[in-house]
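J.: Here's a structure for you.
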Amino acid sequence: MATGRFADTGDLGLEAAGVQTDERGFLVVDSNQRTSNPRVFAAGDVSGAPQYVYVAAQTGRFAAAEALADSAIVVRHRAARRHIHHAADRLRRDD
C-alpha cells in the first residue's frame, strides 16, 4: 500500500545553502522554479510538482531558462493536466 510520496532531500545540505523544504522534504519553489536561495532553481519531482514526466520536463526547461536569462517564465501546471487527461481519454477510446 502506498501512503504518499516524499522527497529524499535530507542529506543534501539544503539548510546550509539557504534552500527551504516543506514538511515532506520537497523544495519550496515559486512560479519561476526559484527556491528560497535566489541562485538555486528546482524542477521535477523534488519541487513538489505533479509527478509526471511531462511536468518534470516542463519545469526543468523553465528552471534552466530562468537560471540562464532574466526572462519571467511562469510554470502553469493547468496545461499539463489537460494534456494528461487528453492522453487518458485516447487510451480509453482505443481499448
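The values are calculated or read from the model by the stated rules, or taken from the named source; none is laboratory data. All values derive from a computational prediction rather than experimental measurement. Using ideal geometry, Cβ is built from the backbone for each residue, glycine included, and neighbour counts are taken over all protein chains shown.
J.: Among the residues of the stretch 8-49, write down those that are assigned to a loop (DSSP other than H, G, I, E, B), in contact with a Phe, Trp or Tyr (Cβ under 6 Å, 6 or more places away or on another chain) and either more than 19 Å from Ala67 (Cβ to Cβ) or at pLDDT 90 or above (or both).
T.: Scanning the stretch 8-49 gives Arg24, Gly25.
J.: Scan the stretch 36-72 for residues that are under 11 Å from the mean Cα position of the chain (by Cα) and polar (S, T, N, Q) and report the count.
T.: The qualifying residues number 4.
J.: Could you list, ordered by first residue, the pairs with Cβ atoms under 9 Å in which the first is in the stretch 44-62 and over 17 Å from Asn32 (Cβ atoms) and the second is part of a loop (DSSP other than H, G, I, E, B), at least 6 apart or interchain?
T.: If the second residue must be part of a loop (DSSP other than H, G, I, E, B), the pairs left are Asp45/Arg5; Asp45/Ala7; Asp45/Phe26; Asp45/Gln51; Gln51/Arg5.
J.: Failed condition for Arg5, given (1) in a loop (DSSP other than H, G, I, E, B); (2) at pLDDT 85 or above, with all others met?
T.: Only one criterion is unmet by Arg5, namely (2).
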